[in-house]
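To start, the structure itself, in C-alpha cells.
Please treat every number below as a calculation from the coordinates, not as lab data. From a predicted model like this one, the values you see are computed outputs, not experimental measurements. Note that we place each Cβ from the backbone using ideal geometry, even for glycine, and neighbour counts take in every protein chain shown.
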Amino acid sequence: MRILQSLWLTLLLYIAGVNAGLVDDIVNGLKNSATCAACHGLLVPLKLLARFGDRPFRKTFVAVCKVATSFDDDVCEGAVGTQAPILAHDLRSIDPLGQTAKKLCDALFGLCQPPAVNTYRVPFPRPLPINPKTFTSSGKAPFQVVHFSDIHIDRSYAPGSDSTCSKPICCRNYAGENQPPISPAGPMGSRNCDTPTGLAHNFLRTITNNNKFSIFTGDVIEASVWLANRDDVTHDIKLFTGEIATIPGAPVYAALGNHESAPTNAFPRNTTKKSNSQWVFDSLSEGWKPIIGPVAAQQAAHLSGSYSIVVPGTNLRIISLNTVYWYKNNWWLYDSNNAQPDPNGILQFTVEQLQVAEDAGHRAWIVGHIPPGRQDVLRDQSNYFDQIVQRYRHVIAGQFFGHSHQDEFMVGYSDYNRRTSETAVSVAMLAPAITPRGSNPGFKVYDIDPDTYEVMDVKVYRSDLFSPEFQVEPKWELGYSARDLYGRHVSGLQPHESLGPVFWHKVTEAFERDNGVFDTYRSLKRGGGDPGTCDAECKRIAICDIRAMRSENSCTVSKPGIKLRRGLSEDGTDQAHDLLPQEDCEGPGVIELLQVATHDLSDDGWERLRTELEAIIPEGQPTDDPDNREDD
C-alpha cells in the first residue's frame, strides 16, 4: 500500500509541469467531496500543492473562501489566510491516506467518522488504593464559588456602531461602513457582538460579593478571529489578567481558552519545530502570578499554560489544564503520522497533581476550557483523560469547563456499556458565556461543602439584554437553583446529599420520563425562551450526549456541512448579521469555508474558482524543502 501511495505521488510530481491538472484535481476534489474516500482523494492534490510552499496554498484557500462563501474579503484573508499555512505544513508531514489524514477529514469536512481509539494505557505512579479515603460532610454551612466563562472582551467595541453588519462580529467602527446604523450598539452590549469593557467590569464587580473564590474557564479574546494577531492578543491578555488580579475580594483561578492565541486555536505541540506558543504561556503566567503565586506561575510557563494550586485555607487542589491539546480545530495536532497520546504532557501533569492530592488526603477540581465529551474533541485524548478520571475518581470532587457558551452538564461512567446511576462516577459543569453575542450573559454559583468540596447546589444567574435597565446598569438575577428545579424529580434526594454524578444521571432519567422537564433544560441551556422542537430521536441523541463525558460514546456523528446562522431564515429574511454557528465559540475559519464550498457553490461558482486557481497555482516542480522556506 505504501509503495502504491509513493508511486501515485511521484506520478503527480511528474505531471506537475503544467498546473491545469492540479487545478482540476483540487476543484473536482472539492466539488465531489461527499465521502470519506473522496476526502482522502482530495488531500492527495492538496499535499502536492502544499509542496509548492505556503504562499500558493494560502492563496488557494483564500480564493475558495472568496468565491464559495459570503464572507467579506478581509475576513477570508485574515481568518483563512492565517490558518492555511498550518494545514499546508500538516499535509507536507503526513500520509494523505493514513489515520491522521482521516482525523483531518473528520475535522475539516465531517466526511469521515473518527477512527477507533488508539490503544494506550495511561501510566500511574501507584494503583488505586484498596481502601481509598472517603470524605464525609459534617453538615457545616457551604461556601460559594463563582464559575464564569467565555467573556470574549471586545476592546474595540463602539457604542452607537451598527450591531447588524456584514462581519462575523459587529458593534465596531469598521472601515467603509458609512451608512447610518440599522441597530445601534448599546453601551453595555448587543446581539451579534462580543462583550464591551463596561459589561465586563460590571460583571467583575458583581462576583466580588460573598464568594470564597471564582473559576474562569477561558476565552478572554473576542471572536474577530480574522484580525487576531500576537500583539493584540498579548495586550488583551495583559489587560484582563490585570483586571482579575486587582479586583477586590475573592481570587479568580483561570484556565486558558482556545481564543488565547493568534491564529485562533493554533497551539503547536512541543514536537513541532516550525512554531510554538510560548509567548501565550509566558503572558498568562505573568498575569496570573499575583493570584496563583510563583510556583504555579512557573508551571503555567513551562507546562503549556497548565498549573496546580491548593486554595489557601482549604484541602482543595485546583488543577487548571490547557485542553486545546485535545481540540479538533487545533490544526497543529495533525502534523505527524505517529499517534501522540499526550501532547505537551498535559495528561502526565494531571496524573502527577492528582497523585499529590491523593497522597495529601486532599480533594481536587479539574478546571479547563473545552470539556472532554464534545464532538470537537479528539477521541484518543478523551479516552486517556477518562482513564485518569476512573483512577482518581475518589479524589476528583468536580470538573468545570466552558466553550459551548451554554448552561450544560455531562456525566461520566465507570462502564459506558451500562450507563446507570450505579455506574455514574463523575460529572462536569459547563458555564454559560458572559458575551451577549448569542444569548443573555450568564454565570454559575456553586454551594460547596467545606468538608467534601462537592457541589451542593448550582445556581445560574443571568442579565436580560432586552431589559430597559440593561444598557444603564445590568442586573444579574437568579434564574434557577438546580436543587430546587431538578431535585423534585429525583426521588430520595436528602438535604445533606451533594449534587454529584448519581444525582445528575437521575436528572437525565427525568428527561426521559418527562418532556416538560427536558424542554425546561433545553430552554435554560440557551438562556431562556422557546427551545424549539425536538422529536424522539433528537431527544435520544441529546440525552446520550449528556451521558458521554468520553467523546467516543457520544451519539452525535460527524456529518458533511455545517449549519451556519448566516443566510436566509425560515421566513426568507436576511440573516447576514448572524453568522456564527449557534452552539460554538468559533468564528469563521477553514472548516466553515470548506464545508460551505463543498455544498453550496453553483456551477458558475465552480468555473470562477477554477479560473482563480489557474492564476494562483504555479507551474513547474515543487520546492525541495517548502516547510523551511519563508513565504510572505
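Things worth noting here:
- D by Stokes-Einstein for region 223-275, Kirkwood Rh over Cα pairs, 10 °C, 1.306 mPa s: 124 µm²/s.
- Dipole moment magnitude, nearest 20 debye, the chain about Cα centre, only Lys, Arg, Asp, Glu C-beta charged: 1760 debye
- Crossing angle, helix 2-15 versus the chain [Cα axis fit, 0-90 degrees, rounded to tens]: 50 degrees
- Using only side-chain charges placed at the Cβ, +1 for Lys and Arg and -1 for Asp and Glu, the dipole size of region 411-476 relative to its Cα centre rounds to 380 debye.
- Rounded FRET efficiency, nearest 0.05, which uses the C-beta distance separating Ile541 from Ser481 and R0 of 30 Å: 0.60
- Exposure proxy ranking for Leu42, Leu30, based on other Cβ atoms within 10 angstrom of each Cβ and starting from the fewest, stands as Leu30, Leu42.
- Rounded tilt (10° steps) of 536-546 against the dominant C-alpha axis of the chain: 70 degrees
- By the count of other C-beta atoms within 10 Å, a proxy for reagent exposure, Met456, Met188 are ordered fewest to most as Met456, Met188.
- When only alpha carbons of region 296-432 are considered, Rg and Dmax amount to 14.8, 47 Å.
- Linear extension gain, Lys559 paired with His394, 0.36 nm per residue minus alpha-carbon span: 55.7 nm
- Stokes-Einstein D in µm²/s, Kirkwood radius over Cα pairs - region 263-351 at 37 °C with 0.692 mPa s viscosity: 237 µm²/s
- For region 107-206, taking the reciprocal of the average inverse distance between every pair of different Cα atoms yields a Kirkwood hydrodynamic radius of 19.3 Å.
- Take every Cα pair under 8 Å whose residues are at least 6 apart in sequence, average their separation, divide by the length of the chain, and the relative contact order is 21 percent.
- Order of Asp359, Asp407 - criterion: other Cβ atoms within 10 Å of each residue's Cβ, fewest first: Asp359, Asp407
- Alpha-carbon centroid distance for the pair region 109-168 / region 442-472, whole angstrom: 17 Å
- Dipole of the chain [Lys/Arg +1, Asp/Glu -1 at C-beta], most positive-end residue of Ile26, Tyr486, Trp332: Tyr486
- Multiplying the residue separation of Thr271 and Gln113 by 0.36 nm and removing their Cα-Cα distance gives an extension gain of 54.3 nm.
- Mean sequence separation of contacting Cα pairs (under 8 Å, at least six apart), scaled by the length of region 303-376, corresponds to a relative contact order of 43 percent.
- Relative to the longest principal axis of the Cα atoms of the chain, the long axis of helix 230-246 lies at roughly 10 degrees.
- Short-range pairs are left out: with C-alpha atoms under 8 Å and at least six residues apart, the relative contact order of region 263-305 is 35 percent.
- Residue-normalised convex hull volume from the C-alpha trace of the chain: 158 Å³ per residue.
- Approximate spin-label separation Glu552-Thr420, in nm, with each point projected 7 Å along Cα-to-Cβ: 2.3 nm
- Computed from the C-beta positions of Arg205 and Phe466 and an R0 of 25 Å, the FRET efficiency is 0.70 to the nearest 0.05.
- Mean projected area (nm²) of the alpha-carbon convex hull when region 71-122 is viewed from all directions: 5.2 nm²
- Using 0.36 nm per residue and subtracting the Cα-Cα separation, the extra length available between Thr35 and Lys140 on full extension is 32.0 nm.
- Fraction of beta bridges assigned by DSSP in region 132-268 that are antiparallel (%, nearest 5): 10 percent
- Kirkwood Rh in Å, taken over all unlike Cα pairs in region 360-434: 13.0 Å
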